Amino acid sequence: MKSSPNWDEYFMLQAVVASFKSKDPNTKVGCVFVDAKNHQVSMGYNGQIAGIDEAQLSWKNAKELPLDQQKYAYVVHSEANAILHAKGQLEGSRLYVTLFPCHECAKMLATVRVTEVIYLSDKYKDTMENGIAKKIFAMSGIKIRQLDLQSDLIEGLHAHFQRTLKDS
């Protein structure tokens, strides 16, 4: 057993831990932006809009409900939260994220000029939105790669995280 995680494992662990902060009962997402010197620049998780009374909003995601009653109208994605709260420049950074970014987040990531997106899950890989995100990354020269879960620590933490989602 190795003594410490490599940089990919270390930052993905931080992204997984950030995802625990999300109150979304179905999809908890966390991310970490890292500069070229392996220093964390920003982190985020998916959550309701800051500064509003969350008790007035629903976490329901049923597509048959009107948009104003779905979580999608009010949730800010982890990547957007991290971009909004970044204290430094994100250009040239890498993004570690627990779920492959949606096409809306892909536009923001391309605009702030990240160089690479490293992700754990590609849950929506067969959707048109996912294909658009991948096209945006390709056109912007942003490398994408799925982190191979070789680390026992990440595997264990991620498995525990997935069980908590099923239990809630």
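With a 1.4 Å probe and all protein chains left in place, how much of the accessible area of the stretch 11-76 comes from carbon and sulfur atoms, in whole percent?
Percent of accessible area from carbon and sulfur atoms in the stretch 11-76: 55.
Using the Cα centre of the chain as the reference point, and only Cβ charges (+1 on K/R, -1 on D/E), how large is the resulting charge dipole? Debye, rounded to the nearest 20.
Dipole of the chain, to the nearest 20 debye: 160 debye.
Return the FRET efficiency for the residue pair Asn61, Asp148: r is the Cβ-Cβ distance, R0 is 35 Å, and the value is rounded to the nearest 0.05.
Details: r = 30 Å, r/R0 = 0.84.
Efficiency for this residue pair is about 0.75.
Per the helix-only calculation at 222 nm, which mean residue ellipticity applies to the chain, given -39500 (n - 2.57) for every DSSP H run of n ≥ 4 and division by its residues, nearest 500 deg cm²/dmol? If you can, show how the numbers build up before the last one.
On the way: 5 runs with 58 residues, N = 168.
For the chain, the value works out to -10500 deg cm²/dmol.
Pick from Ala50, Ala73, Ala82 the residue whose mean-square fluctuation is largest in a GNM of the chain, springs joining Cα atoms under 10 Å.
The residue that fluctuates most here is Ala50.
Tell me, what is the percent relative contact order of the stretch 1-50, built from C-alpha pairs under 8 Å that lie six or more residues apart?
Value for the stretch 1-50: 31 percent.
Grab the Cα-Cα distance for Thr111 and Asp35, subtract it from 0.36 nm times how many residues apart they are, and report the gain in nm with one decimal.
Here the answer is 25.7 nm.
Taking only protein heavy atoms and a 1.4 Å probe, what accessible area per residue, in Å², does the chain have with all protein chains in place?
Averaged over the residues of the chain, the accessible area is 58 Å².
Can you check what the net charge comes to around Glu91, using other residues whose Cβ is under 13 Å from the Cβ of Glu91 (Lys, Arg +1; Asp, Glu -1)?
The answer is 0.
Among the listed pairs Lys28/Lys123; Lys23/Lys71; Lys107/Lys135; Lys63/Lys135; Lys107/Lys134; Lys37/Lys87, which have their C-alpha atoms separated by more than 18 angstrom in this model?
Lys63/Lys135
Which of Gln69, Val114, Trp7 sits farthest toward the positive end of the charge dipole of the stretch 1-123, with +1 on the Cβ of Lys and Arg and -1 on the Cβ of Asp and Glu?
About the Cα centre, the residue reaching furthest to the positive side is Trp7.
Just going by the charge dipole of the stretch 1-95, with Lys and Arg at +1 and Asp and Glu at -1 on Cβ, which of Val41, Leu57, Gln89 is farthest out on the positive end?
Projecting each Cα onto the dipole axis, the largest value belongs to Val41.
If you build a Gaussian network model of the chain, linking Cα atoms that sit under 10 Å apart, which residue out of Met108, Met43, Met139 swings the most?
Between Met108, Met43, Met139, it is Met139 that shows the largest mean-square fluctuation.
With bins 10 Å wide starting at 0, give me the P(r) of the stretch 1-122 over every alpha carbon pair, in whole percents.
With a bin width of 10 Å, the distribution comes to 14, 43, 30, 11, 2, 0.
When the chain is treated as a GNM, springs tying every alpha-carbon pair under 10 Å, which of Glu129, Glu79, Glu116 comes out with the largest mean-square fluctuation?
Largest GNM mean-square fluctuation: Glu129.
Can you list the trypsin sites (Lys or Arg not before Pro) in the stretch 1-104 that are in a DSSP coil and have 16 or fewer other beta carbons within 10 angstrom?
Lys2, Lys21, Lys23, Lys37, Lys60, Lys63, Lys87
Full-extension gain between Ala138 and Ser4, please, as 0.36 nm times their residue separation minus the C-alpha to C-alpha distance.
45.0 nm
The values are calculated or read from the model by the stated rules, or taken from the named source; none is laboratory data. Computed from a predicted structure; not experimentally measured. Backbone-built Cβ (ideal geometry, glycine too); neighbour counts: all protein chains shown. Ligands, DNA and RNA are excluded from the accessible area calculation, which covers all protein heavy atoms including side chains. Shrake-Rupley method; radii C 1.70, N 1.55, O 1.52, S 1.80 Å.
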